[in-house]
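Input: a single structure, listed below in structure tokens.
The values are calculated or read from the model by the stated rules, or taken from the named source; none is laboratory data. Just so it is clear, the structure is predicted and the values come from calculations on it, not from any experiment. Heads up, the Cβs are rebuilt from the backbone with ideal geometry, glycines too, and the neighbour counts pull from every protein chain shown.
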Amino acid sequence: MQTIKNLFLKYKELISYVFFGALTTLVNFVTFWVMESVILRGENAYLVNNIVAWFASVSFAYVTNKLFVFNSRSREIKKVAKEIAEFFSARVLSFLVEEAGLWLLIDALSLGRFSYMFFGFEVTGNIIAKIILSVIVVMLNYFFSKLWIFKKK
């Protein structure tokens, strides 16, 4: 039991990042799915849907990363404003990677034309592309947060 506790303490930041990253990804996917399924459909609607999902998930990620992953306890308005600006700026960069990847996979490589039923849910090529790109985006975001935004002095 002590070994598990020591491993957890050693990798607490990474474990927390993965846990809250999974929740952030869930926020992103649920928002994207609701937008795709219920609110906005049509040609190239996935790009707008992804913007809405991105904003919801990045807002959630900032709060959880600040408080629970990187333990940034700053409350000064100037410091918090700088963190928010840096966090959203880094996320814009990874968002652009995701948007370009979605276009590449869905439009250029025609992944969007595929559709499968999985446990009663329709899994489209758009969702598959989103899953692939989420892995890349999560890695980029960790390095941005760790090395730039919430770096320890």
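General remarks:
- Residues in the stretch 125-152 that are touching a Phe, Trp or Tyr at 6+ places or on another chain (Cβ under 7 Å) and hydroxyl-bearing (Ser, Thr, Tyr) were compared, and the one that is surrounded by the fewest Cβ atoms within 10 Å (Cβ to Cβ) is Tyr142.
- Of everything in the stretch 96-153 that is hydrophobic (A, V, I, L, M, F, W, C) and not in a helix (DSSP H, G or I), the residue that is nearest to Ile84 (Cα to Cα) is Phe150.
- Considered as a group, the residues in the stretch 7-26 that are of a type outside the set (Val, Ile, Thr), more than 15 Å from the chain's Cα centre (by Cα) and not in a loop (DSSP other than H, G, I, E, B) include one that is farthest from Ala56 (Cα to Cα), and that residue is Leu7.
- Each residue in the stretch 35-59 was checked for being over 20 Å from Val97 (Cα atoms) and either among the small types (Gly, Ala, Ser) or modelled with pLDDT of 95 or more (or both), and 2 pass.
- Against the criterion of being at pLDDT 85 or above, within 28 Å of Leu104 (Cα to Cα) and touching a Lys or Arg at 6+ places or on another chain (Cβ under 7 Å), Phe32 qualifies.
- Condition met for Phe70 (surrounded by 14 or more Cβ atoms within 10 Å (Cβ to Cβ), farther than 20 Å from Ile136 by Cα and among the aromatic types (Phe, Trp, Tyr)): yes
- Some residue of the stretch 70-88 being under 22 Å from Phe19 (Cα atoms), in a helix (DSSP H, G or I) and small (Gly, Ala, Ser): no
- Residue in the stretch 58-67 that is within 25 Å of Phe121 (Cβ to Cβ), among the charged types (D, E, K, R), surrounded by 16 or more Cβ atoms within 10 Å (Cβ to Cβ) and touching a helix residue (DSSP H, G or I) at 6+ places or on another chain (Cβ under 9 Å) present: no
- Qualifying residue in the stretch 125-140 (condition: closer than 18 Å to Ala45 by Cβ, of a type in the set (Lys, Arg) and free of Cβ contacts under 8 Å to residues at least 40 places away in the same chain): no
- Flag if Ser110 is without any contact (Cβ under 8 Å) to a residue 24 or more places away in the chain, farther than 21 Å from Val52 by Cβ and loosely packed, with under 11 Cβ neighbours inside 10 Å: yes
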